[in-house]
1. What about Ser68, is it closer than 15 Å to Cys121 by Cβ, open to solvent by 10 Å² or more (accessible area, probe 1.4 Å) and in contact (Cβ under 8 Å) with a residue 40 or more places away in the chain?
2. Which condition number does Ser40 fail, the rest of (1) out of contact with any helix residue (DSSP H, G or I) (no Cβ under 8 Å at 6 or more places or on another chain); (2) surrounded by 12 or more Cβ atoms within 10 Å (Cβ to Cβ); (3) at pLDDT 95 or above; (4) not acidic (Asp, Glu) being met?
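The values are calculated or read from the model by the stated rules, or taken from the named source; none is laboratory data. Here the structure is a predicted model, which means the values were calculated and not measured. Glycine gets a Cβ as well: all are built from the backbone with ideal geometry, and neighbour counts include every protein chain shown. Surface accessibility is based on the protein's heavy atoms, side chains included, excluding ligands, DNA and RNA. Shrake-Rupley method; radii C 1.70, N 1.55, O 1.52, S 1.80 Å.
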Amino acid sequence: MKLSRYFANHARAYDAEMDDLVSDSEGKNVLDKRLKEKRSQLEFLLVMMDDSPEMLAAAFHQGFRFPSAKAMDLLVALEPEEFPAWDQLGRTITLAPWAQAMADRVLLEPTGEQFMVIAACLEYLYTRADDRSAPVDEDEDDENDNDIDPEEQEARDREDAGAAWMEEQGFDPKPPKG
């Protein structure tokens, strides 16, 4: 799995937020209590949605289901400006009923769709923490990529990930260039 720079950076912040929620100063597991409290603060947390998405995303912890790990792996390789619309992710991401109610409120916000994709991706990465790899811009051992500018390679990687994701969603494959 490749991560976009965005998710490589924000996944660490989400992990830290979740670590803070798990236990108290005595080491007792207080996750359920703290999640309930965080979920009750939804309106307050909405103001942090754009600048600190991990703060609100944590309220959705355990509320996402990911029927297609392959599609999620492709999604976390994208930067936010490349995200598909939230309503196109029905076969890739589903929500528990309690999380759907929260999502309905979040989706009323101007950046709600983008946030929901971010929240789902952060939760996916948290649940797959052992499988994380380096950000997209690091070289793979592909001999043909040695002469390609790193920015051009990153653009190609994102385009390939987007095309593969679209195929996973049932769209026809993009014809090869040239």
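1. Values: closer than 15 Å to Cys121 by Cβ: yes; open to solvent by 10 Å² or more (accessible area, probe 1.4 Å): yes; in contact (Cβ under 8 Å) with a residue 40 or more places away in the chain: yes.
Answer is yes for this residue.
2. Unmet condition: (2).
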